[in-house]
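Student: One structure is given below, represented as structure tokens, and several questions about it will come after.
Since every read-out is calculated from the coordinates, none of them should be taken as a lab result. Source: prediction; values computed, not measured. Here the Cβ positions follow ideal geometry from the backbone for every residue, glycine too, while neighbour counts run over all protein chains shown.
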Amino acid sequence: MKIWAIGDLHLSMDPRVEKPMDIFGGSWVNHHEKLKTIWERMVEPEDLVLIPGDISWALKLDEAKADLAWIDKLPGKKLILKGNHDLWWGSMAKMRGLYETVDFIQHDAQIASGAVIFGTRGWTCPGAKDFTPEDEPVFRREVLRLEMSIAEAKKLAEEYETETGKKAVLIGAMHYPPMNEKYEESAFSKLFEETGTNKVVYGHLHGVNAFKNGPQGVFRNVEYSLVSLDRLECCPRLLYTAE
């Protein structure tokens, strides 16, 4: 069993949703077809794919169902977090159970073959060039949500370690970068470090000029990966292989 990650699918399968992506450049021309081809070649039915946000351009859950159904038909199980464009996102009671292979993370965590996955949408971090006073309360709210998710992750990790005698791998996920473009420590990155998180994935950044605005590589013992679709050229990134 393997865990993969790719974010920012930006789908619009429902005919009521008109949002062509090819206007954003070559990486987005027929991007869903490219993704499907590569996904089906790489991902096995027993695998899990983590999708950290910006799934659909839909404004309502009913409009997003075509996109979620398309994802559901791809190989593997899928675990989805909310992105800033996921305005269709509703309550867990309405979303969970809609599709056989699709599940969601919100204020909680999940475990798969020794890997505990947790996270939150995130927000622009203090110190960023476009951070404003209005961003502060949203940022703080997202920090609280990450703390809630971490609390659940710790419980799952402790249970796994008690049952197996093995140490769980902690995988954090956000939609926004967990640091500003200067890679300064934030409340998000500090929580990941204090929790002993092994890997963190995020999306949101698009285009060659923007890719450098998020941490990539190891910072203070945590490995960060930008997994937006155009950054990965439609190719899911392998995060974890179960022993």
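Student: How long, wide and thick is the stretch 131-188, going by the Cα atoms along their three principal axes, in whole angstroms, largest first?
Tutor: Here the Cα extents, ordered largest to smallest, are 46, 21, 16 Å.
Student: Cross-link candidates for Lys73: which aspartates and glutamates have Cα within less than 19 Å, leaving aside residues fewer than 8 places away along the same chain?
Tutor: Straight-line reach from Lys73, under 19 Å: Asp8, Asp14, Glu33, Glu40, Glu44, Glu46, Asp47, Asp54, Asp62, Glu63, Glu100, Asp103.
Student: Separate question: Suppose the chain between Val208 and Ala187 were pulled fully straight at 0.36 nm per residue; how much longer would it get relative to their current alpha carbon spacing? Intermediate results must be reported in sequence, preceding the final value.
Tutor: Numbers: separation 21, 0.36 × 21 = 7.56 nm, distance 2.65 nm.
Full extension of this stretch gives 4.9 nm more.
Student: So who's got an amide H within less than 5 Å of the one on Val116, skipping anything under 5 residues away but keeping other chains? H placed 1.01 Å off N, in plane.
Tutor: Val169, Leu170, Ile171
Student: Quick query: amide H of Val200 versus all other amide H atoms, modeled in the peptide plane; which residues come in under 5 Å with a sequence gap of 5 or more or a different chain?
Tutor: The list, which skips near neighbours in sequence, is Gly172, Glu223, Tyr224, Ser225.
Student: So, in nm, how far is label Gln216 from label Arg141 when the simple model puts each one 7 Å beyond its Cα toward the Cβ?
Tutor: Rounded to a tenth, the inter-label distance reads 3.1 nm.
Student: With each run of n ≥ 4 DSSP H residues scored as -39500 (n - 2.57), what mean residue ellipticity at 222 nm is computed for the chain after dividing by its residue count and rounding to the nearest 500 deg cm²/dmol?
Tutor: It lands at -9500 deg cm²/dmol.
Student: Under the rule of at least 5 residues apart or a separate chain, name every residue whose amide H is placed under 5 Å from the amide H of Ser56.
Tutor: Under 5 Å from the amide H of Ser56 lie the amide H atoms of His10, Leu11, each far enough along the sequence or on another chain.
Student: Full-extension gain between Lys73 and Glu33, please, as 0.36 nm times their residue separation minus the C-alpha to C-alpha distance.
Tutor: 13.1 nm is the gain from fully extending Lys73 to Glu33.
Student: Also: Put a dot 7 Å past each Cα toward the Cβ at Lys166 and Lys60; how far apart are the dots in nm?
Tutor: 4.6
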